[in-house]
Each structure stands twice: as C-alpha cells, then as structure tokens.
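Colleague: Just dropping this structure here.
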Amino acid sequence: MRSGTGRGAAIAAAAGACVALLAGCGIRTTSVPVDAGAAPSRAACSVDGPGTAAQPRPGIPLRVYLVCGSQLEAVDRTTNVPEQKVSGDRVKTASALLMELQSETSDAERTAGFSTAVKGPLVVTGGRRDDPKGALRLSRQPEDLAPTALAQIVCSFAESAAGSGGGTVVLGGPGDYAAHRYRCTAELKDRPDMAVPTVTPTGSPTS
C-alpha cells in the first residue's frame, strides 16, 4: 500500500510540474483580452492636410527636397526673394533654394516628419571661367558634405532653373578641384545616404 501511495504522489507531483511548465511557456489559462497599446504611428510625410498650409509670403514658389522617413520628399516653399531677382537667374535660384534648405522646418513640416540635413553657413556662387557651362560653386566641397545633405542640394537644384538639364546639376567647391555633374535619381531619393551619382562628359553615369 505504501508503494502505491508513493507512486500516486509522484504522478501528482509530475502533473503539477507540467501544468506549471505550460503556464511558464505562455499558454494562457484565461480568455480575458490584454490591451497591448496602440500600434506605432508613422510620419505622414505630407503637409497638404487641412490646417497645415503655410501663410503666403511675397516672392515665388520653390520646391525643395527634405528628409522624411529616411527618404527625400519634395516640399513646396515660398521664397521671400522677389520674383524679378530670381526668375531666369541660375545663381539666384540656387541661392534661394539653398537658403530654404538651411532654414528651420515649419511646425507643419516637423509634425509631418520632415527635417533637413543641410547645415550652414553654406552659400553658392557661379562657376569659374574653365568650368562647364551652368556650373555652380558651393562654399564647401560637395564631397565634404554629409551624403544626405548633398543629395538634398543636388535634387533641389537639378529639378529647378538652377539645374543643367536631364535631372543633373554641375557643382564644385571653393578649391581648385574640378566641378562635377551630379544626377538626381529615383534611387537617390529612396536612399539619400548613398553616394550621389555623377555623370561623365559622355553622359555615362558613374559613382
């Protein structure tokens, strides 16, 4: 009888251990729902919603590329530079764009998830005598800028009157280095931290 009692106790203990083990493995013993909280929100990457429009300013509309969700997204701005001083002038257009890229994002832009990697002081001037036609010179070497900042500048310039056509812009720096033709591509907009593609004189893309 003692032997049977001992075996029964051992079986009961083993069963209890199994129950405890199953409970420890996460198997619920209740059907009460558990509130895990709200799903993480994503930035809208758009300032076109109601109540987000910027107050109109004198000047002309410009389109710049800002960073949102690790990508480049176009944002419409209005420069306070009078139209007659910018329209048709490559350098003044580039200056206005660069000024916007270095400026603080608006409340609506920040709420939508926008930021800029372009940090000042940074200015742009026209090219030199031996530069390709339409070249622009930055006050810092383009290759010394953060890749995302250069991507913002290249795409903003290339898709404006400051560009050199075909989604490209010719940029150099203050040193004696030659200016290069940079291309704004869909891949660059998706991955602005990559090396900005350049174009050889024959038109073949290189990096």
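Colleague: Any idea how many residues of region 104-155 are in contact (Cβ under 8 Å) with a residue 60 or more places away in the chain and farther than 28 Å from Val47 by Cβ?
Modeller: So the count comes out to 0.
Here is a yes/no grid of residues against (1) under 24 Å from Thr185 (Cβ atoms); (2) in contact with a helix residue (DSSP H, G or I) (Cβ under 7 Å, 6 or more places away or on another chain):
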| site | (1), (2) |
| --- | --- |
| Ala74 | yes, no |
| Ala94 | yes, yes |
| Gln102 | yes, no |
| Ser106 | no, no |
| Thr125 | no, yes |
| Lys133 | yes, no |
| Leu136 | yes, yes |
| Pro147 | yes, no |
| Val154 | yes, no |
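Colleague: While we're here: Name the residue that is nearest to the chain's Cα centre (by Cα), counting only residues in region 95-119 that are of a type in the set (Val, Ile, Thr) and open to solvent by 10 Å² or more (accessible area, probe 1.4 Å).
Modeller: The selected residue is Thr116.
Colleague: I'm checking my understanding of the structure. Among residues of region 74-94 that are at pLDDT 85 or above, crowded, with 18+ Cβ neighbours inside 10 Å and not basic (Lys, Arg), which one is nearest to Asp193 (Cα to Cα)?
Modeller: It comes out as Val75.
Colleague: Can you find a residue in region 185-193 that is open to solvent by less than 10 Å² (accessible area, probe 1.4 Å) and more than 13 Å from the chain's Cα centre (by Cα)?
Modeller: No, the conditions are met nowhere in region 185-193.
Colleague: Can you name the condition, by its number, that Ser204 falls short on among (1) loosely packed, with under 14 Cβ neighbours inside 10 Å; (2) of a type in the set (Ser, Thr, Tyr); (3) at pLDDT 95 or above?
Modeller: Of the numbered conditions (1) loosely packed, with under 14 Cβ neighbours inside 10 Å; (2) of a type in the set (Ser, Thr, Tyr); (3) at pLDDT 95 or above, the odd one out for Ser204 is (3).
Colleague: Here are some residues: Tyr182, Tyr177. Which one is farther than 14 Å from Tyr65 by Cα and open to solvent by 50 Å² or more (accessible area, probe 1.4 Å)?
Modeller: Going through Tyr182, Tyr177 in turn, just one is farther than 14 Å from Tyr65 by Cα and open to solvent by 50 Å² or more (accessible area, probe 1.4 Å): Tyr177.
The values are calculated or read from the model by the stated rules, or taken from the named source; none is laboratory data. Values in this document were obtained by computation on a predicted structure and should not be read as measured data. Quick reminder, even Gly has a Cβ in these numbers, built from the backbone with ideal geometry, and neighbours come from all protein chains shown. Areas reflect the complete protein model, heavy atoms only, side chains present, ligands, DNA and RNA absent. Shrake-Rupley method; radii C 1.70, N 1.55, O 1.52, S 1.80 Å.
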